[in-house]
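Derivation of every value follows stated rules applied to the coordinates shown; laboratory data play no part. Only a predicted model underlies this, so the values are computations on that prediction, with no experimental measurement involved. Note: ideal-geometry Cβ built from the backbone for every residue, glycine included; neighbour counts use all protein chains shown.
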Amino acid sequence: MSETTVYEGLLVAWLLLAAATMLLLHRFTAPYGRHVRRGWGPALPDRIGWVAMESPAPLVFALLFALGRHRTSPASWAFFGMWEAHYLHRAWIYPWTRRSRSRPMPLVIAGLGFSFNLVNAYLNGRYLFSLSVGYPPTWLRDPRFLAGLALFLAGFAINRQADHILHRLRRPGENGYRIPQGGFYRWVSCPNYLGEIAEWTGWALATWSLPGLAFAVWTAANLVPRARAHHRWYREHFPDYPPERKALLPGLW
Ligand code: NDP
């Protein structure tokens with residue numbers, strides 16, 4: 001069986017699994033962070049869990065770039081830059097900014113995150129740098145690429161600002177929660193998730209590819225239900241929670 005056949009089968013299964021995950025997570029909140037619960041077996045320190053589960057993304061993607069037959073194309077360099085700008089931070093800088101020491105991450109969550117990043121980086125990197133017919137240099141002026149890049153950069157900025165605001169809410173050693181203020185928190189409870197969804201929707205547009213679309217669907221599958229759970233949690237725990245604040249989409253939901 002050729003790699004292309006295996007790749008196509010995996011991609012279809014991956015899209016179906018994303019849809020199933022979205023349905024599952026509407027009924028069940030993943031047990032990490034404020035939603036951590038007993039009974040999920042052994043756990044890792046939060047930071048170690050984040051480094052372990054995110055590391056395959058920058059490493060596998062970089063390897064596939066280095067080995068890829070399209071590695072010299074300007075579009076490949078642009079995709080490589082976008083991906084690594086997000087994942088070098090997410091895997092190796094972001095975990096050290098989190099102040100979540102009192103809430104270890106269940107090993108099963110770290111394992112699922114690790115597997116997700118491995119498959120997702122393979123599907124995206126292998127397609128972009130080798131299995132696709134390649135992107136001509138003019139792709140960098142194509143409206144799909146430009147709109148996708150703009151959305152990606154806006155999402156990147158919103159996500160980073162939101163995560164930064166959250167991390168400043170706790171002093172070293174504190175474990176409790178406060179109502180976040182400022183930035184996109186004026187309008188929604190989870191701008192970090194809004195930014196992340198915008199980033200990978202922009203990625204899907206900029207790469208105009210099925211693996212890119214699958215990544216955007218997976219991100220929404222994970223984060224839309226989690227935003228709803230966070231929003232409900234804030235309302236239950238803070239009687240003075242701003243009533244006009246929505247869960248994820250300013251003014252809408
Ligand atoms: P959360 O918003 O749940 O938490 C982020 C950090 O901020 C945690 O350390 C958390 O502590 C702390 N925190 C959150 N709210 C408060 C508050 N009100 N007061 C004080 N501290 C607070 O985000 P996640 O951990 O779910 O996700 C982290 C990043 O990873 C985000 O940028 C997200 O977009 C991204 N992500 C991407 C996914 C994808 O599919 N692409 C999937 C999951 C996450 P504690 O842990 O103690 O709750």
For every helix of n ≥ 4 consecutive DSSP H residues, a contribution of -39,500 (n - 2.57) applies; sum these over the chain, divide by its total residues, and give [θ] at 222 nm rounded to the nearest 500 deg cm²/dmol. -21000 deg cm²/dmol
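Show me 106-119, 205-218, 37-50, 231-244 ranked by packing, highest mean number of other Cβ atoms within 10 Å first.
Details: 106-119: 17.9, 205-218: 21.5, 37-50: 14.5, 231-244: 11.9.
Those peptides, ordered most packed to least, come out 205-218, 106-119, 37-50, 231-244.
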For Arg27 and Arg141, what does the FRET efficiency come to when R0 = 51 Å and r is the distance between their Cβ atoms, rounded to the nearest 0.05? 0.70
May I ask you to order 172-179, 53-60, 196-203 by the average number of other C-beta atoms within 10 Å around their residues, highest value first? 196-203, 53-60, 172-179
How high is the relative contact order of the chain, given as a whole-number percent (alpha carbon pairs under 8 Å, six or more residues apart)? 24
Once every Cα of the range 37-78 carries one equal point scatterer and solvent is ignored, give the base-10 log of I(q)/I(0) from the Debye formula at q = 0.33 Å⁻¹, two decimals. -1.06
